[in-house]
1. Kindly indicate the residue of the stretch 270-323 that is assigned to a helix (DSSP H, G or I) and basic (Lys, Arg) and also modelled with the lowest pLDDT among those meeting that condition.
2. Where the second residue is at pLDDT 70 or above and in a loop (DSSP other than H, G, I, E, B) and the first is more than 30 Å from Ala137 (Cα to Cα) and of a type in the set (A, V, I, L, M, F, W, C) and lies in the stretch 327-356, which pairs have Cβ atoms under 7 Å and are six or more apart or on separate chains?
3. Could you go through the stretch 69-91 and let me know if any residue there is surrounded by 24 or more Cβ atoms within 10 Å (Cβ to Cβ), under 21 Å from Phe258 (Cα atoms) and of a type outside the set (A, V, I, L, M, F, W, C).
4. Checking Val104 against (1) touching a Ser or Thr at 6+ places or on another chain (Cβ under 7 Å); (2) more than 30 Å from Gly292 (Cα to Cα); (3) not polar (S, T, N, Q), which single condition isn't satisfied?
5. Does at least one position in the stretch 117-135 carry a residue that is surrounded by fewer than 24 Cβ atoms within 10 Å (Cβ to Cβ), assigned to a helix (DSSP H, G or I) and touching a Cys at 6+ places or on another chain (Cβ under 8 Å)?
Amino acid sequence: STWGTDSRTFGQMLTLREVLLNLVFSLYVPMTILGSAIRMVELTLPLYLLSMGASESIVGLVVASGPLGKIFTSIPAGAFTARFGERTSVVLGTTISAFGAFCVSLAKSPAQIAFFHFISGMGFAATNVGRQSFVSATVGKQFRGKVNAIVGGSMRVCGILGPVVAGFVADHFGFQFNFLIASALALSSGAVSFFGMPRTISTDLDEDEEEQKHSHPKRSSSSPPASILQVLRIHWREILTAGTFALSLFMVRTGTRFMFPIGGVRLGLSASDIGMVTAVQSIVDTIMSLTGGVLMDMSRKISGVPSCFIIAIAYLTVPFCKKTWQLMAASALYGFGNGLSSGLILTLGQDLAPRNARSQFLGDLNDYLCMFSQHMILHSHNRLETHHH
């Protein structure tokens, strides 16, 4: 059963198996459903824009509108989550994302698509902060690497099915239908979260490993949530230093949203073929995710540093790919590197989030990451178009 309905308290000793079982409907199932929607949109959006005759720089601008929505919403989402709770933030966020995806299916121009994709990004920011805050509050540090690696693994499973389904649907029913499916999936994810997550989280974790190996002591209600400005003033060093490493990994990951789809377009591949290229990446990624989780609980650096180098090498090979199998090999190499750091960004943020300002801290950190990822998307698309011409 989930924590929303279980009468057991967090103060009891929980094994890893019990923790994972408690997270099935509060975290893993809704994340898998939402991840399927995200992966479908990631593949479909650039191809849909190119089919409309948009230039690669316009594609970059539209794709960047999603992260831009996250930038404007991450900090307010942190404050909203602190005030109204993790479940409310997640459910509202998925509803907003579903509305944005539905409207994208009806949009007639890149400008309209960008506007509604921006709205979807706003919703995803609220969902993301809510889920990260939930895990930080309910999972001990000794388990977070494996818990978040499974979150990453579930998203990678979506990366196997999502692109294949999206490519098939796009070839046979049109690109717009993919956005309708994504909208329905986002709503379904919100519904599962509504029934699977607890209404409020009245407990917290003491991260002192000597005193609280597996215990989950109750949160003190005497300490009110800190304001966003207080969090920025007190914890700016943690946000900057941890955020810089997470940013490096986040930025290199961001490139996969367009690197392999556009690489496939340049080779003359169909949407289905590009979906298969992306699926190969996700298969390898998924296989490596549990290994990444084990390495992460040993040391965060062991999984993170090699991952960045391997992903960078994979990207360097894409411009030299002349055949489909070569692009698939580059995609598989990316999957290997990305799987090593599955869930690492989530874990770093949750490790450092302060007790009385968890949601605000995670919102600030997400905003920091999103600002730079948006710049990378725009810069990379412009470089691609310059090289193309």
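The values are calculated or read from the model by the stated rules, or taken from the named source; none is laboratory data. As the structure is a computational prediction, the values presented were derived from the model and not from experiment. So basically every Cβ, Gly included, is an ideal-geometry build from the backbone, and we count neighbours across all protein chains shown.
1. Residues of the stretch 270-323 that are assigned to a helix (DSSP H, G or I), as a first pass: 271-298, 300-320.
Checking which are basic (Lys, Arg) leaves us with 300-301.
Numbers: Arg300: 68, Lys301: 71.
Filtering the stretch 270-323 for residues that are assigned to a helix (DSSP H, G or I) and basic (Lys, Arg), the one modelled with the lowest pLDDT comes out as Arg300.
2. Hits for this filter: Leu327/Leu267; Leu327/Cys321; Ala330/Cys321.
3. Yes, that holds for at least one residue.
4. (1)
5. Checked against the condition, which is being surrounded by fewer than 24 Cβ atoms within 10 Å (Cβ to Cβ), assigned to a helix (DSSP H, G or I) and touching a Cys at 6+ places or on another chain (Cβ under 8 Å), the stretch 117-135 yields at least one hit.
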